[in-house]
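Written below as structure tokens is the structure these notes are about.
The values are calculated or read from the model by the stated rules, or taken from the named source; none is laboratory data. Please read these numbers as outputs of a predicted model, since none were measured by experiment. Reconstructed Cβ throughout: ideal geometry from the backbone, glycine too, with neighbour counts over all protein chains shown. Calculation scope for accessible area: heavy atoms of the full protein, side chains included, ligands and nucleic acids excluded. Shrake-Rupley method; radii C 1.70, N 1.55, O 1.52, S 1.80 Å.
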Amino acid sequence: MQTLRLSNISTDIRRAASLLRAGEVVAIPTETVYGLAANALDEVAVAKIFAAKGRPADNPLIVHVLSPEDATPLIRPGVVDKLTALSAFIPGPLTVILPKDNKVPSIVSGGLDTIAIRIPAHSVARALLHETGIPLAAPSANRSGSPSPTCMRHVLDDMDGRIAAVLDGGECAVGVESTVLSLCGEVPELLRPGAVTLEQLREVLGEVHVAQAVLSPLREGQAVTSPGMKYKHYAPKTRVVLLRGGSEAFAAWCNTRDCMALCFAEDAQYLRVPCFCYGSSGDYDSQARLLFDGLRTLDESGFAPLIAAHAPDVIGVGLAVYNRLLRAAGFELVEL
Ligand code: TXA
Ligand code: MG
């Protein structure tokens, strides 16, 4: 199949909308990462997403809508108040898990009786939702297991020839996937950290649990609240090791090995290996924005058989960056 390249002008957005209405898969920009969208109420269309990604059938998709009102028919009657209570973060990089309505095909929810709802802020995503008038199921637009795409080139690297079209919306402002919060239990539970931080959620909701899988590997056979936690994620082909410590110790570790560094601005003066700087050590927004481009760029360069990644602090958006790097590194963490 030939993948159409579409821009964000209105005629192209209309073209993307008509492809989606016809049951095709279109990659779309959001403020977090690019998504692989299809009509969430059309099982055949949703099956094409799983095929294009090579995604396991039990890993459910996020459904994107314009507003809490548009989410109402997709969730169990009476629960929309839980969504509106989070209006401080909506629209934005937040996904909320709620009990689902029966009309949502079970292929979307991976057989679960819950549904992930996201109300994106990106103007192109919103224009497209407006134009199609349908809820859009969309996982990140990477091949299953690879780092998520944060620009059109990343999408084409993974999906060219596998989907009907890609809609260019420039570089994603956030760069890591949305925060995933489950509101199905008694206490809200953070399943995946993102740009809406744990600290911000606790300010609004009070107590918020952090799923164990956010910071540690799952034990064999352990039950998970979010199926995506089971799978290897965000991993380039090159082996990644995560290192925690100061700039000089990080550089000293790297300089004695055949490696490339995903580093902080402060590290560069000490490093004598190829490096990609993803922000200064306290700039978690920059680290999030550049993380996946850094992993992909180092991977493609082929300069060395190992990527040494300098770990951020686990506060604010740093928790999201750290969570992705832990998975990219298969939980291989070195304390310096
Ligand atoms: O920022 C994002 O969230 C992007 C953009 C495109 O919106 N999407 C994204 O989708 O990252 P995906 O499929 O790559 O990640 C969705 C995560 C997976 O870990 C999945 O298991 C989890 O959300 N998830 C989806 N539905 C769920 C449900 N009903 N219960 C628990 N976890 C769910
Ligand atoms: Mg993904």
*asked:* Please pick out the residue among R15, R21 that is of a type in the set (D, E, K, R) and either out of contact with any Ser or Thr (no Cβ under 9 Å at 6 or more places or on another chain) or surrounded by 21 or more Cβ atoms within 10 Å (Cβ to Cβ) (or both).
replied: R15
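One line per residue, one yes/no per condition, for (1) of a type in the set (S, T, Y); (2) touching a residue at least 40 places away in the same chain (Cβ under 8 Å); (3) open to solvent by less than 40 Å² (accessible area, probe 1.4 Å):
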{"residue": "A57", "(1), (2), (3)": "no, yes, no"}
{"residue": "L61", "(1), (2), (3)": "no, yes, yes"}
{"residue": "A85", "(1), (2), (3)": "no, yes, no"}
{"residue": "P91", "(1), (2), (3)": "no, no, no"}
_Considering only residues that are open to solvent by 20 Å² or more (accessible area, probe 1.4 Å) and either in contact with a Ser or Thr (Cβ under 9 Å, 6 or more places away or on another chain) or not acidic (D, E) (or both), which ones fall in the stretch 274-295?_
P274, C275, F276, C277, S280, S281, G282, Y284, R289, L290, D293
_Here are the criteria: (1) more than 30 Å from E203 (Cβ to Cβ); (2) open to solvent by 10 Å² or more (accessible area, probe 1.4 Å). Tell me which single one L333 does not satisfy._
(1)
*asked:* Suppose we filter the stretch 93-113 for residues that are within 16 Å of ligand 2 (Cβ to nearest atom) and buried (at least 23 other Cβ atoms within 10 Å of the Cβ); how many remain?
replied: 5
*Yes or no: D299 within 15 Å of the chain's Cα centre (by Cα), in a helix (DSSP H, G or I), of a type in the set (D, E) and not assigned by TED's automatic domain parsing to the domain that holds E203?*
no
_Of the criteria (1) outside any loop (DSSP other than H, G, I, E, B); (2) closer than 21 Å to A173 by Cα, which one S18 fails_ = (2)
*Hits in the stretch 255-268 (condition: in a helix (DSSP H, G or I) and either in contact with a helix residue (DSSP H, G or I) (Cβ under 8 Å, 6 or more places away or on another chain) or not assigned by TED's automatic domain parsing to the domain that holds S286 (or both))*: N255, E266, D267
*Just for the stretch 151-194: of the residues that are open to solvent by less than 10 Å² (accessible area, probe 1.4 Å) and out of contact with any helix residue (DSSP H, G or I) (no Cβ under 9 Å at 6 or more places or on another chain), which one is nearest to V321 (Cα to Cα)?*
S178
*Report, ordered by the first and then the second residue, all pairs with beta carbons closer than 6 Å, sequence separation of six or more or different chains, a first member in the stretch 42-53 that is without any contact (Cβ under 8 Å) to a residue 40 or more places away in the chain and not assigned by TED's automatic domain parsing to the domain that holds I163, and a second member that is open to solvent by less than 50 Å² (accessible area, probe 1.4 Å) and part of a helix (DSSP H, G or I).*
none
*Output the qualifying pairs, or none if there are none: Cβ atoms under 7 angstrom, residues six or more apart or on different chains, first residue in the stretch 4-15 and part of a loop (DSSP other than H, G, I, E, B), second residue open to solvent by 90 Å² or more (accessible area, probe 1.4 Å).*
none
*Give the residue that is most open to solvent (accessible area, probe 1.4 Å), with candidates limited to residues of the stretch 125-150 that are among the polar types (S, T, N, Q) and within 16 Å of ligand 2 (Cβ to nearest atom).*
S144
*For residues that are in contact with a helix residue (DSSP H, G or I) (Cβ under 7 Å, 6 or more places away or on another chain) and either open to solvent by 40 Å² or more (accessible area, probe 1.4 Å) or within 16 Å of ligand 2 (Cβ to nearest atom) (or both), tally how many sit in the stretch 114-124.*
1
*S148 passes all but one of (1) within 25 Å of L326 (Cα to Cα); (2) away from ligand 1 (no atom under 13 Å from the Cβ); which number fails?*
(2)
*Taking the residues in the stretch 249-273 that are out of contact with any strand residue (DSSP E or B) (no Cβ under 7 Å at 6 or more places or on another chain) and surrounded by fewer than 23 Cβ atoms within 10 Å (Cβ to Cβ) as candidates, determine which candidate is nearest to V176 (Cα to Cα).*
E266
*For I315: the one exception among (1) within 18 Å of P93 (Cα to Cα); (2) open to solvent by less than 20 Å² (accessible area, probe 1.4 Å)*: (2)
